[in-house]
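Working notes for the structure below.
The values are calculated or read from the model by the stated rules, or taken from the named source; none is laboratory data. The shown structure was predicted, so the numbers you read here are calculated from the model rather than taken from an experiment. All Cβ positions, even for glycine, are placed from backbone atoms using ideal geometry, and neighbour counts span all protein chains on display.
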Amino acid sequence: MPPFFTTLCSRLLVGRAIIATMRKRLRIVVYGNAIVVVIVAIYFLVMPTGVLVQALNDPGLHTGEVPHFAFRWHRSLSRRFGPWARSRVASGRATQLTKSNVSGTEWPLFSSVFYLWATEGLQDAWEKDPSLARVMPKQYAREAIEAVTILVADPNHATWVKAQWGDDYLQHENLFYRMLLISGLTSYQKLVGDNAYQALLSDQVETLASEIDKSPFGLLDDYPGSCYPVDVLPAIAAIRKADDVLGTDHAVFASRALRAFEGARLDPETGLPAYVAGSKTGVGLGSARGVGLSFMLIWAAELWPETAQQWYVQYKEQFWQEGWLLAGFREFPRKYPMPNWRLFDVDAGPVLAGYGTAASAFGIGAARANGDFEHAYPLSAQALVASWPLPDGRLLGPRLLSNFSDAPYIGESALLFSLTRQPTVNSIATAGSLPLSVYLALGVYGVIALAWLGVAAARVIRWEKAFSHKHYLALRWQLNIWPILIGIGTVALMMSWEMIGGLLLFSAQFLPLSK
């Protein structure tokens, strides 16, 4: 055979071999993307639907018991919260934030205390019924309990209040921070039985109680010139809870402290405690707000049961809103002329059609504490379907609404806190009906899963019918980039970097790019 034909045949064979190799590698990309979509659809949509159906039928949502699923979710959170808290303290990041960064400064402590409160609630429930979990919460969560307590007591995490109150920040007003400090140390001592922080706890309980008692109206400022009764009431409750571990008795103090929520401190339009008050004038400023009332009513039920019941009835009458799609507490009373859709602040979260996000989330705890499961059940159900629970116990919805850099677990810990509140009254209202949004959300999970699976199948079929290596741009580069995106994205998800991992896997779905 002439050399010319030999060379031509060799080149054709090599060309065909290269095309065959490209086809094989492209098939790996196309089928690999399809497999990724199937796994993501099952893990992030199909399995969460099953988790939600099981959770919505948990008897704890209908009664005064702590829901069974809360133990599983808490265990998952404990595995992640402890390492994060230790890393946060070691980094010294708290010293680098300005006092204007509210979520960066307040939320790490708040989320830690929410976690400790939830752990207490679960431990109390387990002691009443050990069948709820194979291992008691304070045992499997011991490392996380210790880690978050170190964060709560860390002086660096008080940098933002030191900037406003000076070096004597632990001895003068600064009510919000000191309330969190007392609450965290109390939970730690109760759960662990260790008195390592007892001297600090005792000092804070006595000095804060004395300062509140000696104040003109029972009010102290959170920050200079800023007094929020929503923090004063849980501070009083924190002092009473500390009595259990310190052996003290502040019952008389707590009874007298009710004066901070009477008379001119009430919103005249609603007859409920105003969201903001003047600590020096004793006058409520502006309207009562849902986020404040929901949080206060969780603790008021323990301090002053009769008053709490009166407030709760008024709260439902003026703030509860129920339609065919949603049910929940408003951020402002129905008669108050405030925008329904445009409001957002760091405390209340978004206000949608009048519904307050934080008001309804804490409303779960308020309704449960006051024995009202007619409202607690639909509130809990809506929170569950919005939480997007993953099979490993992570709650993707609350995680996405948290501060990724400074308080990634505040959403999960706050929801667990509300779900672990138990009734403080004997009469318990029966569970109410569910709004349509719960069923629609379950349907959306299923529809999106089917759509993703259908798209993945269609892409594979279309590629098999119309393959041509000439259709693609910079094919070798694309074939090399794809496994990098898939590998790093998978590792990121395994390390709980959901946003990074999700974006990388999503980006890989666009490969191979055609001309």
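Structural remarks
- Enumerated helices (runs of 4 or more DSSP H) restricted to the range 82-157, each holding at least 2 residues that are free of Cβ contacts under 8 Å to residues at least 40 places away in the same chain and surrounded by fewer than 23 Cβ atoms within 10 Å (Cβ to Cβ): 102-128
- Restricting the first member to the range 469-498 and to residues that are modelled with pLDDT of 85 or more, and the second to residues that are not in a helix (DSSP H, G or I), the beta-carbon pairs closer than 7 Å and six or more apart or on different chains are 481/511; 482/511.
- Some residue of the range 312-329 being more than 20 Å from the chain's Cα centre (by Cα), within 29 Å of residue 243 (Cβ to Cβ), in a helix (DSSP H, G or I) and aromatic (Phe, Trp, Tyr): yes
- When 242, 237 are screened for being over 26 Å from residue 159 (Cβ atoms), modelled with pLDDT of 95 or more, within 29 Å of the chain's Cα centre (by Cα) and surrounded by 18 or more Cβ atoms within 10 Å (Cβ to Cβ), only 237 passes.
- Failed criterion for residue 311 (all others in (1) over 20 Å from residue 410 (Cβ atoms); (2) at pLDDT below 95 hold): (2)
- Cross-chain or 6+ apart pairs with Cβ under 6 Å, the range 251-262 first and farther than 13 Å from residue 300 by Cα, then modelled with pLDDT of 95 or more and in a helix (DSSP H, G or I): 253/209; 253/213
- Scan of the range 52-81 for residues that are surrounded by fewer than 20 Cβ atoms within 10 Å (Cβ to Cβ), touching a residue at least 60 places away in the same chain (Cβ under 8 Å) and part of a helix (DSSP H, G or I), ordered by number: 53, 56, 68, 72, 75, 76, 79, 80
- Some residue of the range 164-177 being over 20 Å from residue 114 (Cα atoms), out of contact with any Lys or Arg (no Cβ under 6 Å at 6 or more places or on another chain), of a type in the set (Ser, Thr, Tyr) and part of a helix (DSSP H, G or I): no
- Near pairs, Cβ below 7 angstrom, 6+ apart or cross-chain, from the range 216-237 (closer than 19 Å to residue 290 by Cα and without any contact (Cβ under 8 Å) to a residue 12 or more places away in the chain) to any residue that is surrounded by fewer than 23 Cβ atoms within 10 Å (Cβ to Cβ) and not hydroxyl-bearing (Ser, Thr, Tyr): none
- Across the range 502-513, not a single residue is classified as modelled with pLDDT under 80, touching a helix residue (DSSP H, G or I) at 6+ places or on another chain (Cβ under 6 Å), within 18 Å of residue 456 (Cβ to Cβ) and surrounded by fewer than 14 Cβ atoms within 10 Å (Cβ to Cβ).
- For the range 275-289, the criterion of being part of a helix (DSSP H, G or I), of a type outside the set (Asp, Glu) and surrounded by 17 or more Cβ atoms within 10 Å (Cβ to Cβ) is met by none of the residues.
- Taking (1) more than 25 Å from the chain's Cα centre (by Cα); (2) part of a helix (DSSP H, G or I) in turn, residue 248 satisfies each apart from (2).
- Residue within the range 353-361 that is more than 25 Å from residue 423 (Cα to Cα), among the small types (Gly, Ala, Ser) and either surrounded by 23 or more Cβ atoms within 10 Å (Cβ to Cβ) or free of Cβ contacts under 8 Å to residues at least 60 places away in the same chain (or both) present: yes
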